[in-house]
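*Asks:* Supplied in structure tokens, the structure appears directly below.
The values are calculated or read from the model by the stated rules, or taken from the named source; none is laboratory data. All of these numbers come straight from a predicted model, not from anything done at the bench. No Cβ is skipped: glycine too gets one built from the backbone with ideal geometry, and neighbour counts run over all protein chains shown.
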Amino acid sequence: MFLNKMVSGRKTQTFIINESASSSPNPLSSSVSTRNLGKSHLGGVIFGCKNSTIKECFFKQLFGLPAQHFSYVKNIDPGLPLFLFNYSDRQLHGIFEAASTGQMNINPYGWTTDGSEKTLYPAQVQVRVRLQCQPLHENQFKPIIADNYYSQTHFRFELDHAQTSRLISLLASLAVAPGTSVTQSAAKWRTSFQALPQNDAGGKVNGFKALALEIEHSNHSNQKSDSTDVASSFDEDNRPLEAQLDAKLVEQDEKNVILMKLKELALRCEHQDLPTLGFVDDTAVMNGIQLEDETFPILRCEHQDLPMLGFADDTAVMSGIQLEDKTFQGKPTGVEEEKEESPHSSAECQSTIAQLSQEVQELKAFIAEQTQKMGILEQKLMEAEIEIQQLKDSCVTLEPVPNPTEALVNEMVIEAVDELHLDPNESIFLVGGYDGESWMAAFDTYYPSQDVIKSLRPMSSIRSYASVAQLNGELYVFGGGDGYMWYDTVESYSPANDQWTLRPSLNQKKGSLAGATLDNKIFSIGGGNGVEIFSDVEMLDLDIGRWIPTQSMLQKRFALAVVELNGVLYATGGYDGNDYLKSAERFDPREHSWTRIASMSTKRGSHSLVVLNEKLYALGGYDGSAMVPSVEIFDPRLESWMTGEPMKNPRGYAAVGVVNESIYVIGGIQVCQNIVDTIETYKDGQGWQETPTRAIGKRCFLSAFAYNQI
């Protein structure tokens, strides 16, 4: 998987294109950072969930994260300690362990509504309980994984051996005692989750929204995720609805009480000479005993002279007991005892069995009904979340004002901005991105000379790590992601009427790609989808109405940079899956092929590339160890790179535009993953100048395009 590594202190961290505790089935789901621990250094993994997805995690014994996390999920082997963090109540559950290797798409439809779409959390592992413990609140375990936190509420999911050992020790101190392990929390796991559908489409992902600066998988899923944290937690924002869901389970609890009383009644047969029923996870299971041509499960009779029972997860299960000619056979003991049946006790036990079977069937029907109702409520909750996010993205939020005077001042300021004579040719379009709190669908024009920003009609969806290009007076935005998944969607903006229009989709979903316009066609170049890195190039031909595969680059490149100059496309740097690149190549449509050109002196990905005075400027980026401030300049006439004056600060994932023969570098990521809130400006003969921006604030993973190029 392609990762953009960053240095934080002495530890190497990694930016995954997207990222998610993705609450995974995970909250800044998304560009999520990972620690990039090797297989030998990986001591354990935390997965993410929310109230709406935790049930399916337990019921299906399956944990999952967005595809971006497969870089370390693939290092999971059977037996590796695992933990589950619930973003809704900020509690950590454990101790689990892997029952399989980490794989892609063990259940391709997990945590989805009806199986009509593929899962958003394909990096999966099967799990089993190692030790049932009371959950830990965040303030209890946070000191142990303090190094994994990259914001107040987001942390990376990969644990080293020392962290894993300390977490296991802390959880083990809260272990549920054997024999009483069916505590309230354990009982809830067992009874609440049996009712979920057992098909591949059985659960609903209601929660991990963030490509966390690690994407983290998931956070609040959500939505802030591991290594990332994936998540924005609408569970907390909609507690009244959750209260309704909890109320719906009251009747189910009453059913459980009835079931327990029936068990107690059945146990009264324990001194009789007949076997009774046994239960696993509060549900009767068949164990091969025949009574009057009807098969019933076996209930343990602790005081009879029967073979010893096997125990699994603190629940008694029969180990090979059979009723043949009134003889019980258990584990080899060398002794067989025949028991005489009492007609009276037999009739009583059979009556109890019949009652219990009826109650179990009624309970199953009741749970199925409640599950269906909960599914409908969860669907409504998800629709509400989407609507809320759309409202947030389409509104310009003002700071609360304590009195009418301040409100009047704010209104006057807004009117003053509207009355400014702003020249569009001196503006830069800013597209989507991340502001440290949320992923954005915002679309703005920024006037750097006056540090003024004007909000335009937002895009139809949240979008970051996207690419932009112009065609026929419109700005095309394509690819990228929303913190959970990558897009193949394309939309164009018309400055003339402030409207967005959906356009033909790319042939593949991808992010951190590059784009440029050449010969009245838009080219989508390179990028990746969390599993693969592409050298592919697609071309949008509006006459045909679709994207057409064309000549691929010589190298795979993720987080590359591309520009057009004098009818030729230039592609520089990026990540090929193994290392960051200093190589560069160009595409000449007359030759219809890519050709290598001189390499840069510095490896760089997530950098920027612009044209100024007929030269290419490669700015900043990540060299495989750290963000760099260096600048290199390519002169096509000399076919060589030269070192330019470095920027004031190292940064990558920034927005860059050229206005009035000046380069503007806006926002981005700096050292230790800090989001930059300054702008640097370069002009020949004047060097670099850095200024704060009150209009934009912190913003990264965005795209930019100068208005004067449309």
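*Asks:* Identify, by number, the condition in (1) out of contact with any Leu (no Cβ under 7 Å at 6 or more places or on another chain); (2) closer than 17 Å to Tyr447 by Cβ; (3) not in a loop (DSSP other than H, G, I, E, B) that Gly697 doesn't meet.
*Replies:* Among (1) out of contact with any Leu (no Cβ under 7 Å at 6 or more places or on another chain); (2) closer than 17 Å to Tyr447 by Cβ; (3) not in a loop (DSSP other than H, G, I, E, B), the lone unmet condition for Gly697 is (3).
*Asks:* Testing Cys672 on (1) outside the structural domain of Val468 (by TED's automatic domain parsing); (2) surrounded by 14 or more Cβ atoms within 10 Å (Cβ to Cβ), one condition comes back false. Which one is that?
*Replies:* Failing condition for Cys672: (2).
*Asks:* Follow-up. If we keep just the residues of region 70-87 that are part of a strand (DSSP E or B) and among the aromatic types (Phe, Trp, Tyr), which is farthest from Arg130 (Cα to Cα)?
*Replies:* Of everything passing the filter in region 70-87, Phe85 is farthest from Arg130 (Cα to Cα).
*Asks:* Follow-up. Being charged (D, E, K, R) and assigned to a strand (DSSP E or B) is the filter; apply it to region 543-584 and report the residue that is farthest from Ala514 (Cα to Cα).
*Replies:* Just the residues of region 543-584 that are charged (D, E, K, R), to begin with: 543, 546, 556-557, 564, 576, 579, 582.
When the remaining residues are screened for being assigned to a strand (DSSP E or B), the result is 546, 564.
On the way: Arg546: 18, Glu564: 11 Å.
Selected residue: Arg546.
*Asks:* Can Phe70 be described as surrounded by fewer than 24 Cβ atoms within 10 Å (Cβ to Cβ), aromatic (Phe, Trp, Tyr) and within 20 Å of Gly483 (Cβ to Cβ)? Full working, then the answer.
*Replies:* Details: surrounded by fewer than 24 Cβ atoms within 10 Å (Cβ to Cβ): yes; aromatic (Phe, Trp, Tyr): yes; within 20 Å of Gly483 (Cβ to Cβ): yes.
Spelling it out, Phe70 is indeed surrounded by fewer than 24 Cβ atoms within 10 Å (Cβ to Cβ), aromatic (Phe, Trp, Tyr) and within 20 Å of Gly483 (Cβ to Cβ).
*Asks:* Being under 23 Å from Gly530 (Cβ atoms) and either crowded, with 23+ Cβ neighbours inside 10 Å or out of contact with any helix residue (DSSP H, G or I) (no Cβ under 9 Å at 6 or more places or on another chain) (or both): is that true of Ile76 here?
*Replies:* yes
*Asks:* Would you mind listing the strands (runs of 3 or more DSSP E) fully within region 440-532 where at least 1 residues are at pLDDT 95 or above and surrounded by 22 or more Cβ atoms within 10 Å (Cβ to Cβ)?
*Replies:* 467-471, 474-478, 490-494, 514-518, 521-525
*Asks:* Where the second residue is of a type in the set (Gly, Ala, Ser) and crowded, with 19+ Cβ neighbours inside 10 Å and the first is assigned by TED's automatic domain parsing to the domain that holds Leu170 and more than 18 Å from Gln124 (Cα to Cα) and lies in region 77-97, which pairs have Cβ atoms under 7 Å and are six or more apart or on separate chains?
*Replies:* Tyr87/Ala21; Tyr87/Ser23; Tyr87/Gly48; Tyr87/Ser218; Tyr87/Ser221; Tyr87/Ala231; Tyr87/Ser233; Ser88/Ser233
*Asks:* Moving to a separate point now. Quick check on region 620-658: of everything there that is among the hydrophobic types (A, V, I, L, M, F, W, C) and part of a loop (DSSP other than H, G, I, E, B), which residue is nearest to the chain's Cα centre (by Cα)?
*Replies:* Residue satisfying both the conditions and the ranking: Ala654.
*Asks:* Kindly indicate whether Lys615 is in the same structural domain as Asn529 (by TED's automatic domain parsing), at pLDDT 95 or above, touching a Phe, Trp or Tyr at 6+ places or on another chain (Cβ under 7 Å) and surrounded by fewer than 20 Cβ atoms within 10 Å (Cβ to Cβ). Please lay out each step first, then the result.
*Replies:* Values: in the same structural domain as Asn529 (by TED's automatic domain parsing): yes; at pLDDT 95 or above: yes; touching a Phe, Trp or Tyr at 6+ places or on another chain (Cβ under 7 Å): yes; surrounded by fewer than 20 Cβ atoms within 10 Å (Cβ to Cβ): yes.
Against the criterion (in the same structural domain as Asn529 (by TED's automatic domain parsing), at pLDDT 95 or above, touching a Phe, Trp or Tyr at 6+ places or on another chain (Cβ under 7 Å) and surrounded by fewer than 20 Cβ atoms within 10 Å (Cβ to Cβ)), Lys615 qualifies.
*Asks:* Across region 508-523, what is the total count of residues that are within 25 Å of the chain's Cα centre (by Cα) and more than 11 Å from Met553 (Cβ to Cβ)?
*Replies:* Count: 6.
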